[in-house]
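Data block below; observations after.
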Amino acid sequence: MMVLGVSWRLMCYNYRRRKEALSSLSKVEYLTMIELDYAEVTWFLNGYCKFQCSYCPSLSKNGGLDFSVDQYLAVIEKLQNTRYQHHSKIYWKLGGGEPLHYPHLSSLLKKIKERPSIVRLDTSGDDSWFSLYSVLNYIDRVKLTYHPWQNDDVFGFALEQCQERNIGISIVVPLTPGKINEARQQVQHYKDLGYVCSEQILYEEDGRLYQGYSQVDENRIYGRPDDYISVPVIPAYVDLSVPNQVDPVYTGKPCYAGVDWMTINPRGFVSYSQCGGRNEHYNVFDPQWQPPNSYFACTVNQCRSEQDRRKIRIVTE
Ligand code: SF4
């Protein structure tokens, strides 16, 4: 009885504490959170690619191979040490640049695979028969981008090898300037063969439509007649400090941004959510960097990203 009495007082105390300052999560089991099957780490391993496609953002093709394999391995270890305290598995989405052009890719994959994980490699498959082949034993899924320079035999070989190993395949075909219809035919070709395949509209790094598209390209992308003349659209200003009627407000509530999901850009800079609420934007290659290992109190007016809400646990009442 005495134990029950103590527990009850403790519960009341914690409830008040949560209400007032949200500073204690010792009773987090009384609150509501989504359930996640894994922590997710999206990592653009490098900003280097030998193919130099004209439509590829400079961040993804003009970088060097500046960091040593030991620096990468140290980052993986820090992520493993922290993520596995919260999740039984990590879903690694590894891209680039071109990850196959990172010379120590297999060492990284080997380290990642020492612990329970799902690995998806986002790659062109390269232009040689054996680039992808050499890492197939470490990957569970592959997202292949089909470029106009692609060698169909090599691409077909990659598809065949992935199928033989039950590696999940999805294909993306960029809508490259001057070749919108051809790219769409390619999408249809892979769909007819039974693959999950989608087209990719190209954008600038600042979010505008790729400036290399002609008016005809743009019209084809959006299904308009070739001779359509588009009217310039004046961007509407959205004042994010004014709450809308749709998205929930979690200000001050515990949020696992940075624990459940993170993305690391080709230069090593990390973000922990789309909202940017957790603003410890450090570089993972900085020896002082430590991955977040606990919730923090949401600092944002309104939780506006559906992706954040699907991939990050937020403690609500
Ligand atoms: S707005 Fe950002 S920080 Fe706040 S709850 Fe949503 S994801 Fe977390």
Check your understanding: Taking the Cα atoms only, what angle lies between the long axis of helix 2-21 and the longest principal axis of the chain, rounded to 10 degrees?
Key -> 60
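Explain nothing, just the number: dipole magnitude of the chain about its Cα centre with +1 on each Lys and Arg Cβ and -1 on each Asp and Glu Cβ, in debye rounded to the nearest 20.
In total the dipole reaches around 1460 debye.
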Practice item. Give me the angle, in degrees from 0 to 90, between the Cα long axis of helix 69-83 and the longest principal axis of the Cα atoms of the chain, rounded to the nearest 10. Key: 40
Review point. Relative to the first principal axis of the alpha-carbon coordinates of the chain, what is the inclination of helix 180-192, with its axis defined by its Cα atoms, in degrees from 0 to 90 and to the nearest 10?
Key: 70
Revision key, fill the gap. For 176-183, 223-230, 196-203, ranked highest to lowest by mean beta-carbon neighbours within 10 Å, the order is 176-183, 196-203, 223-230
Practice item. For Lys253, go through the aspartates and glutamates and keep the ones whose alpha-carbon is under 20 Å away, minus same-chain ones fewer than eight residues off. Key: Glu20, Glu29, Glu35, Glu280, Glu306, Asp308, Glu317
Review point. With each pseudo-label sitting 7 Å past Cα toward Cβ, what's the Asn293-His281 distance in nm, one decimal?
Key: 2.6
Exercise for review: Just check segment 168-217 against the gyration tensor rule for me: Cα atoms, a ≥ b ≥ c as the square roots of the eigenvalues, rounded for a/c under 1.5, and otherwise prolate or oblate depending on whether a/b exceeds b/c.
Suggested key: oblate
**Study point:** Separation in nanometres of the label points that stand 7 Å from Cα toward Cβ, at Thr316 and Val231
**Key:** 3.9
Check your understanding: Put +1 on the Cβ of each Lys and Arg and -1 on the Cβ of each Asp and Glu in segment 198-262; which of Asn244, Gly223, Ser198 then has its Cα farthest toward the positive end of the dipole?
Key -> Asn244
Review point. Among the listed pairs Lys89/Lys110; Lys93/Lys113; Lys50/Lys93; Lys50/Lys89; Lys78/Lys110, which are separated by more than 25 Å between their Cα atoms?
Key: Lys50/Lys89
Practice item. With label points built 7 Å along Cα→Cβ from the Cα atoms of Arg115 and Asn137, find their separation and express it in nm. Key: 2.3
Revision key, fill the gap. Note on the chain, DSSP bridge orientation, antiparallel percent to nearest 5 equals 25
Point to revise | Relative contact order of the chain, defined on C-alpha pairs under 8 angstrom at six or more residues apart (%) | key: 19
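Read the figures in this text as sums done on the coordinates, not as results from a lab. What you see is a predicted model, and the numbers here were worked out from it, not measured in a lab. Because the Cβ atoms are built from the backbone with ideal geometry, glycine has one as well, and the counts that use them run over all protein chains shown.
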